[in-house]
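Colleague: I'd like to ask some things about the structure below.
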Amino acid sequence: MLTVALPKGELLKNSIRLLQSVGLDFSAFLDSGNRQLQITDASGTAKGLLVRGQDVPVYVEYGQAQIGIIGYDVLREKQPQVAHLVDLQFGYCRMSVAVKASSPYKSPLDLPAHSRVASKYVNSAREFFQGLDLPVEIVPLYGSVELGPITGMSEAIVDIVSTGRTLKENGLVEITTLYESTARLIAHPLSYRLNTGNLHQLVEQLREGALTKV
Amino acid sequence: MVYQPAAGARDLLPLDVAQKRWIEDKLQQVFHRWGYHRIITSTLERMDTLMAGEAIQRQMVIQLQNSEDEELGLRPELTASIARAVVTRMANLRHPQRLYYNANVFRRIWENRHNRQQEFYQAGVELLGVGGLLANAEVLLLAGNCLTALGLQDWHLILGEAGITRSLLDAFPINLRAKVRSAIAHLDRITIDTLPLTDELRERARIMLDLRGNSADVLQKVSSLNLDAEQQEAVNNLKSLVELLESGGKFPIILDLSLIQTIDYYTGLVFEIVNNTDSQARVLGRGGRYDQLLGLYHPQGENIPGIGFVLNIEDLYQVLLSTQQLPQETPASDWLVVPENPAAHSAAFAYAQKLRESPDLVRVELDLGSTDRATIKQYARDRSIAQIAWIKADGSPIIEKVSQ
């Protein structure tokens with residue numbers, strides 16, 4: 001039986017809708033009363049795992065799930081050894097550098113050398129500033145990154161922006177975008193090569209489903 | 001304080017050893033039956049030897065330094081060492097050379113993998129000095145024989161041909177070729193979809209990324225890619241090989257021309273030996289043909305063809321563990337020899353030795369001074385020892401069967 005790793009949070013609804021379009025029903029995960037982390041779809045052909053977004057590529061890389069849906073931002077940050085198969089188009093967001101609106105910094109290069117940059121995405125942040133040849137100290141945080149500049153701990157942040165509302169309400173502005181992100185269909189490479197449970201056909205159906213808009 | 005093994009290292013206790021030996025003995029018997037000879041190379045190698053083939057990068061090696069400041073490393077695999085030894089020490093021997101190894105290797109884990117294993121055990125073969133259809137078929141059939149000897153059912157051979165795949169990549173503009181190759185190697189369809197390619201080339205890349213399945217379909221699909229004469233010949237050779245392998249009965253091949261690495265280590269066949277059970281697909285071993293590698297080690301740069309594969313003992317162990325075939329306990333002793341009093345010590349050693357000298361393996365242990373018969377009998381029952389020999393001072397034994 002195929003196993004699909006699904007991310008809690010923003011991407012869940014669209015992911016479930018896409019899977020429904022190819023006949024796999026995991027909508028029970030959307031039930032507010034649901035506490036189950038693993039359910040079998042009604043047709044009995046696939047199992048769904050409900051995991052934290054960051055953990056989707058982990059289950060897929062180790063082969064416990066043959067496919068998964070997760071944002072490109074997580075793939076870019078964690079570089080898991082998984083097959084990137086379909087850009088599912090939904091879940092758009094961008095990885096941006098933001099600073100206090102009142103600060104004099106208009107571009108990342110305006111940041112003084114050795115300033116502090118707070119981020120949940122330490123690898124993306126490090127890679128970006130190394131590319132600029134600008135030495136900065138990356139401060140790893142696990143949430144509410146906006147507080148970095150507000151409290152004065154850091155000059156800037158690197159974080160996911162989707163509408164920009166959170167930044168605005170906290171008095172921050174984007175000064176550059178590192179990359180844009182959408183949801184991706186990923187697969188365990190060996191299972192894909194072996195075509196476990198006719199995986200290839202399912203992937204092609206999902207590709208069709210994503211093209212015809214979710 | 002508690003002394004622990006180094007991070008990523010482990011100890012093998014007697015039962016672990018019995019299980020590992022069970023696997024290795026089966027493999028060794030197969031290697032011997034195919035006329036392969038064991039080679040033992042040094043655990044330590046110079047870094048330049050390890051890295052010459054470009055398949056090994058510095059950060060994968062656990063490095064050491066000796067007093068001459070030579071850069072040394074613990075071998076992460078055996079092929080480099082064997083290539084080095086063969087072109088120098090065995091240069092005057094006639095080809096083919098059929099060699100096998102069974103050894104530990106070390107890999108430095110530099111990624112953020114907490115406490116991941118660093119010492120591994122591998123068994124494998126190298127067939128050196130001969131290229132061509134029969135040598136290729138021999139090594140693949142030998143790999144299949146290893147798996148059947150271990151009683152594995154759900155294995156597959158994912159078979160590619162790096163030479164063909166590489167030449168199919170020549171159609172791509174030189175500035176994008178490495179990207180297309182890397183995308184195909186990593187099954188990254190999204191990159192293929194977004195690279196600035198013409199429609200025709202994008203379609204070619206998509207076909208290449210999914211160029212796998214049963215051999216007839218794949219061979220037909222690859223023939224649709226406008227092959228030149230040389231490519232057609234290579235495809236024909238691959239076809240002959242597949243036919244030869246499948247002629248002897250069931251040989252579970254998945255032909256996969258997307259199976260390629262991002263470096264030119266393998267020059268022809270490249271394959272993965274995988275196990276696929278319901279819950280888990282796992283690579284058990286891998287191999288391929290490397291006709292340029294030995295030339296890197298040869299003093300005159302002479303190329304000697306080679307093909308080989310490696311099986312990972314730990315991965316085999318994980319799969320076999322669920323099949324109940326591995327020994328579940330260490331072998332019990334056949335005899336417990338008990339001197340009845342201090343005057344019988346010498347006679348007990350002598351009697352035990354006489355039992356040990358049987359032509360078949362007989363395991364004999366001596367009681368080391370227990371005080372009463374009930375304890376001794378209980379010990380024998382606990383250890384599944386079949387017989388107790390009670391030795392009197394005059395050397396005469398009384399033999400007692402232990403009811404288990």
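The values are calculated or read from the model by the stated rules, or taken from the named source; none is laboratory data. If you're wondering where the values come from, they're calculated on a predicted model, not measured in any experiment. Ideal geometry is used to build each Cβ from the backbone, glycine not excepted, and the neighbour counts take in all protein chains shown. Heads up: the accessible areas ignore ligands, DNA and RNA and are worked out on the full protein's heavy atoms, side chains in. Shrake-Rupley method; radii C 1.70, N 1.55, O 1.52, S 1.80 Å.
Colleague: How many nm separate the modelled label positions at A:Leu109 and B:Ser167, each set 7 Å beyond the Cα in the direction of the Cβ?
Modeller: Each label point lies 7 Å from its Cα, and together they span 4.8 nm.
Colleague: Sticking with this one: Skip the ligands, DNA and RNA, and give the accessible area per residue of chain B with a 1.4 Å probe, whole Å².
Modeller: For chain B, the per-residue accessible area is 51 Å².
Colleague: Same structure again: For B:Lys392 and B:His95 in the same chain, what is the full-extension length gain: residue separation times 0.36 nm, less their Cα-Cα distance, in nm?
Modeller: Result: 100.7 nm gained on full extension.
Colleague: Okay, moving on. What is the helix-to-structure angle for B:174-185, meaning the angle in degrees between its Cα long axis and the longest Cα principal axis of chain B, kept from 0 to 90 and rounded to the nearest 10?
Modeller: Helix B:174-185 sits roughly 40 degrees off the main axis of chain B.
Colleague: Stretched out fully, how many nm does the piece from B:Leu176 to B:Gln117 gain, at 0.36 nm a residue minus the Cα gap?
Modeller: That works out to 17.6 nm of additional length.
Colleague: OK, next. Taking every DSSP beta bridge with both residues inside segment A:64-197, roughly what % is antiparallel (nearest 5)?
Modeller: Among the beta bridges of segment A:64-197, antiparallel pairing accounts for roughly 75 percent.
Colleague: Suppose every Lys and Arg Cβ carries +1 and every Asp and Glu Cβ carries -1, with no other charges. What dipole size does chain A come out with about its Cα centre, to the nearest 20 debye?
Modeller: 260
Colleague: For chain B, set up a Gaussian network in which alpha carbons nearer than 10 Å are linked by springs, and say which option among B:Leu176, B:Leu127, B:Leu219 fluctuates the most.
Modeller: Maximum fluctuation in the GNM of chain B, among the listed residues, is at B:Leu176.
Colleague: Starting at the first residue of segment A:90-95, write each ³J(HN,Hα) from the Karplus equation 6.51 cos²θ - 1.76 cosθ + 1.60 with θ = phi - 60°, in whole Hz, x for Gly and Pro.
Modeller: Running phi through 6.51 cos²θ - 1.76 cosθ + 1.60 with θ = phi - 60° gives 7, x, 5, 7, 9, 8 Hz.
Colleague: Obtain the nm distance between the two label points defined at A:Ala42 and B:Leu355 by a simple spin-label model: each point lies 7 Å from its Cα along the Cα-to-C-beta direction.
Modeller: Computed distance between label sites A:Ala42 and B:Leu355 equals 7.0 nm.
Colleague: Which whole-Hz ³J(HN,Hα) couplings does segment A:51-66 yield from phi under the Karplus relation 6.51 cos²θ - 1.76 cosθ + 1.60, θ = phi - 60°, glycine and proline marked x?
Modeller: Result, ordered by residue: 9, 5, x, 4, 8, 4, x, 5, 4, 6, 5, 7, x, 6, 10, 7 Hz.
Colleague: Longest span of chain B, sites excluded, free of chymotrypsin sites (Phe, Trp or Tyr not before Pro) in DSSP loop with at most 13 other C-beta atoms within 10 Å?
Modeller: B:111-404
Colleague: Based solely on its DSSP helices, what 222 nm [θ] is calculated for chain B when runs of n ≥ 4 H residues each add -39,500 (n - 2.57) and the sum is averaged over all residues, nearest 500 deg cm²/dmol?
Modeller: Calculated from helices alone, the mean residue ellipticity at 222 nm is -11500 deg cm²/dmol.
Colleague: Once amide H atoms are built 1.01 Å from N in the peptide plane, which residues 5 or more positions from B:Glu71, or in another chain, come under 5 Å H to H?
Modeller: B:Met47
Colleague: How much FRET efficiency would the formula 1/(1 + (r/R0)^6) give for B:Asn303 and B:Gln328, where r is the Cβ-Cβ distance and R0 is 60 Å, rounded to 0.05?
Modeller: That pair, B:Asn303 with B:Gln328, gives E of 0.80.
Colleague: While we're looking at this one, here's another question. Can you compute 3J(HN,Hα) from phi for each residue in segment A:120-132, using the Karplus curve 6.51 cos²θ - 1.76 cosθ + 1.60 with θ = phi - 60°, rounded to whole Hz and x for Gly and Pro?
Modeller: The phi angles translate into 7, 9, 5, 5, 4, 5, 4, 4, 5, 6, 5, x, 7 Hz.
Colleague: If you don't mind, another one. Calculate for chain A the 222 nm mean residue ellipticity that helices alone would give, adding -39,500 (n - 2.57) per DSSP H run of length 4 or more and normalising by residue count, nearest 500 deg cm²/dmol.
Modeller: So the calculated ellipticity at 222 nm is -7500 deg cm²/dmol.
Colleague: List, in the order given, every pair from B:Lys26/B:Lys250; B:Lys354/B:Lys377; B:Lys20/B:Lys401; A:Lys47/A:Lys78 whose Cα-Cα distance in the structure shown is over 30 Å.
Modeller: B:Lys20/B:Lys401
Colleague: Along the Cα→Cβ direction, 7 angstrom out, place labels at B:Leu134 and A:Arg17. What is the inter-label distance in nm?
Modeller: 6.5
Colleague: Under a 5 Å amide H to amide H cut-off, with H placed in plane at 1.01 Å, what residues pair with A:Leu172 once short-range neighbours are removed?
Modeller: A:Ala101
Colleague: When only Cα pairs under 8 Å and 6 or more residues apart are kept, what is the percent relative contact order across chain B?
Modeller: 17
Colleague: While we're on this one: First check a/c for the protein assembly as shown, with a ≥ b ≥ c the square roots of the eigenvalues of its C-alpha gyration tensor; if it is under 1.5, answer rounded, and if not, answer prolate when a/b is larger than b/c or oblate otherwise.
Modeller: Here the protein assembly as shown falls in the prolate category.
Colleague: Then there's this: Please give the average number of partner chain Cβ atoms lying within 10 Å of the Cβ of each residue in B:187-194, rounded to a whole number.
Modeller: 6
Colleague: Strictly over 21 Å apart at the Cα level, which of A:Lys120/A:Lys168; A:Lys8/A:Lys100; A:Lys100/A:Lys120 would you flag in this model?
Modeller: A:Lys8/A:Lys100
Colleague: Given R₀ = 56 Å, FRET efficiency for B:Asp25-A:Glu208 by Cβ-Cβ distance, to 0.05?
Modeller: 0.60
Colleague: Which value, in square angstrom to the nearest 100, describes the accessible area buried between chains B and A on both sides, using a 1.4 angstrom probe?
Modeller: 1900
Colleague: Between B:Asn104 and B:Asn236, what FRET efficiency comes out of the Förster formula 1/(1 + (r/R0)^6) with R0 = 41 Å and r the beta carbon distance, rounded to 0.05?
Modeller: 0.50
Colleague: How would you classify segment B:333-399 from its alpha-carbon gyration tensor, with a ≥ b ≥ c the square roots of the eigenvalues: rounded for a/c under 1.5, else prolate if a/b is greater than b/c, otherwise oblate?
Modeller: Oblate is the answer for segment B:333-399, as a/c is 1.5 or above yet b/c matches or exceeds a/b.
Colleague: Same structure, new question: Enumerate the amide H contacts of B:Ile254 below 5 Å, restricted to partners 5 or more residues apart or on another chain; note that Pro and chain-start residues carry no placed amide H.
Modeller: B:Leu157, B:Ile158, B:Leu159
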